[in-house]
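Novice: This structure is in structure tokens; I'll ask about it shortly.
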Amino acid sequence: MHEAAADSGVGHTAREARRMTGSSTKVMFSKPNGTTPRISKPGRSRSVCKLPGSSGGGGGAESDSAGSSIANGSTGRSSGEEDEKDGGVLFYVNKSGFPLDSQTWERMWTHVAKIHPEGGEMVDRIRKAAHLPRPHVPAVPTYKPSMSVPEWLQAVQNYMKALQYNHTGTQFFEIRKTRPLSGLMDTAREMIRESLPIKCLEAVILGIYLSNGVTCLERFAISFKTQFSGQYFHHVVLGVFFSGRYGSLGMSRRSDLMDKPLTFRTLSELIFDFEDSYKKYMHSVKKVKIGLYVPHDLHCFQPIEWKHLVLNAGRMTREEMRKELEKHARDMRMKILKSSSAQSPIKERTRGKSLSPRRRPLSPQRRLHRRDKSPAVVDKKPTELSTLNDGVYQIRI
């Protein structure tokens, strides 16, 4: 949900392209003050994504992932259809990697000049400055065995907040949802290395990477599609589950639409809390998408399951949503239990799957001592005992 980039008081950093300057100098982007005017749409390209703005005073919900279809290379729909879906304010995605190429670099500055209240004056003041203060690079959190899971999640969230939210109109890291998990983890390492502001989709990938070492913590994607003033907005956070409680990690312009503490007893309570937060900004939730648990293997080649459950919240009652959400939560927990029990030797023995020789059928001689020594059994003895001379049987013993 891309509200107007008009929040006050915080600066944002962007790294100067090393091929252009020969150095790793960072340039400070001042956070705009005042209200953001409606801007004209720049020329279309395959790297353009939608950034819905706030129309009127009630807008403020996030939609960083609103234009992900274009960022991922999906260009099946026309530009007009994208406008109708996501609203009128655009943001770009950096597909050139780092260092930024000259086209991406200049395009970013041009867009900043359009959306900032001071326009080109602010851009010229920064780009022509002889000396700029070196921006603070936050330290990556380090997990300690003495830390509890809630403490570690708070450390991860604080690190993402220190990176700050990206208001430049250019998403620095391209996130293709169809990429394997291992590839997305490479992008997360790049986020840490470059230490640049991020948006909500980037925060989900970074949160998965930083929380990967806590194997008792389960992570899954939660996506929202909301409507405000006739426009649609998209947002995504990382849901977390630990010790029977749900919470979330993420980034947003609104503090109540990102991280949530591990205090929600059910998945539906967590989703409804997000829905109540949206109502404060006069956004109505239209769809909710819940993914599956993300594996803890950083080298996993399978992609993240982003939308295993899709709920049309605009046409369902809360009770209907609650039943579907709790069923999905139970299914996810059962899949985890089944996968863990499949590797348990105790479970295999209780199911009679052990290959121990003690479990093999008793030989005819041993059965003879346990059974009633009737003539019928004695008559069969020579035939059955003849198999004892079989070499295969002796080897198996």
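Novice: So how far apart, in nm, are the two label points at LYS335 and MET122 if each is 7 Å from Cα heading toward Cβ?
Specialist: Those two pseudo-labels are separated by 4.3 nm.
Novice: May I ask you to derive the relative contact order of segment 143-258, considering only C-alpha pairs under 8 Å and at least 6 residues apart, and to give it as an integer percent? Provide the component values of the computation, followed by the final result.
Specialist: Values: 141 pairs, mean separation 28.5, N = 116.
Contact order relative to length: 25 percent.
Novice: If amide H atoms are built 1.01 Å from N in the plane of the peptide, which residues on other chains or at least 5 residues away come under 5 Å of the amide H of PHE91?
Specialist: For PHE91, the qualifying residues are CYS49, LYS50, LEU51.
Novice: Determine how many Å³ per residue the convex hull of the Cα atoms of segment 153-198 encloses.
Specialist: Values: hull volume 3.9 nm³, N = 46.
Each residue corresponds to 84 Å³ of Cα convex hull volume.
Novice: Assuming a ≥ b ≥ c are the square roots of the Cα gyration tensor eigenvalues, decide whether segment 127-203 counts as rounded (a/c under 1.5), prolate (otherwise, with a/b larger than b/c) or oblate. Could you put the intermediate results ahead of the total?
Specialist: Numbers: a/c = 2.28, a/b = 1.26, b/c = 1.81.
Note, shape of segment 127-203 comes out oblate.
Novice: With all protein chains present, how much of the accessible area of segment 181-289 (probe radius 1.4 Å) comes from carbon and sulfur, to the nearest whole percent? Provide the component values of the computation, followed by the final result.
Specialist: Numbers: 1510 of 3250 Å².
Taking all protein chains in place, segment 181-289 shows 47 percent carbon and sulfur surface.
Novice: Which FRET efficiency value, to the nearest 0.05, is calculated for LYS144 and SER255 with the Förster distance at 25 angstrom and r the Cβ-Cβ distance?
Specialist: Numbers: r = 27 Å, r/R0 = 1.06.
That pair, LYS144 with SER255, gives E of 0.40.
Novice: Distance between Cα centroids, segment 169-199 to segment 140-163: provide it in whole Å.
Specialist: Segment 169-199 and segment 140-163 have Cα centres separated by 19 Å.
Novice: Which order, highest average first, do 230-237, 316-323, 198-205, 209-216 follow once you tally other Cβ atoms within 10 Å for each residue and take the mean per peptide? It would help to have the intermediate numbers written out before the result.
Specialist: Values: 230-237: 24.0, 316-323: 13.4, 198-205: 26.6, 209-216: 16.4.
The packing order, highest mean first, is 198-205, 230-237, 209-216, 316-323.
The values are calculated or read from the model by the stated rules, or taken from the named source; none is laboratory data. The structure presented is a predicted model; accordingly, all values stated were derived computationally and were not measured. Cβ atoms come from the backbone with ideal geometry, glycine included; neighbour counts cover every protein chain shown. In case anyone asks, the SASA skips ligands and DNA or RNA and just uses the protein heavy atoms, side chains included. Shrake-Rupley method; radii C 1.70, N 1.55, O 1.52, S 1.80 Å.
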